[in-house]
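The values are calculated or read from the model by the stated rules, or taken from the named source; none is laboratory data. From a predicted model like this one, the values you see are computed outputs, not experimental measurements. Here the Cβ positions follow ideal geometry from the backbone for every residue, glycine too, while neighbour counts run over all protein chains shown. Only protein heavy atoms, including side chains, enter the accessible area calculation; ligands, DNA and RNA are left aside. Shrake-Rupley method; radii C 1.70, N 1.55, O 1.52, S 1.80 Å.
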Amino acid sequence: MRGEYATMTERILIVEDDEGRCNWFRAQLLNYELDITCDVTEAICWLKERDYRVIFLDHDLVTEQYEATDFDDERTGYAVAQWLAAHPEYQREAEIVIHSLNYPGAERMLRVLQESGRQARHIPFTTLMMDPPL
């Protein structure tokens, strides 16, 4: 994957709540403009206002979701994926990478994006760590 994500003038959106993972992305993408949030509303606002080359999406964005047996679609990365699926006029060129370790949640996100015609893939965070994007 090295080199396929961005150039120095491109923006990357990271939707993630874990500060350790956010720091990992910062360290890997030092030369790029990063927008990092764990807030669904903020992510969607940025998606409307800015152009992204890559969008990294996590599923679980609040601590109580980690052990939940039901999906909380309004406060997870699924809400961002669903918004992207419903608004094809935004971020047409962006590569979408779901990096969640919540496999059922990631699968739902991938499915809603692909069913809308979006190009997306699931690369679990542990896999990203072994093969950093840049």
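Details
- Residues of region 74-114 classified as among the β-branched types (V, I, T) and in contact (Cβ under 8 Å) with a residue 40 or more places away in the chain, total: 4
- Top-ranked residue of region 47-62 - restricted to ones that are of a type outside the set (V, I, T) and over 16 Å from T76 (Cα atoms), ranked as surrounded by the most Cβ atoms within 10 Å (Cβ to Cβ): Y52
- Checking each residue in region 105-125 for being open to solvent by 70 Å² or more (accessible area, probe 1.4 Å) and either modelled with pLDDT of 95 or more or closer than 25 Å to N23 by Cα (or both) picks out E107, R111, Q114, E115, R121.
- Within region 15-44, the residues that satisfy the criterion of being within 14 Å of R75 (Cβ to Cβ) and open to solvent by less than 50 Å² (accessible area, probe 1.4 Å) are V15, E16, D17, T37, V40, A43, I44.
- Residues located in region 95-134, provided they are within 16 Å of T76 (Cα to Cα) and of a type in the set (K, R): R108, R111
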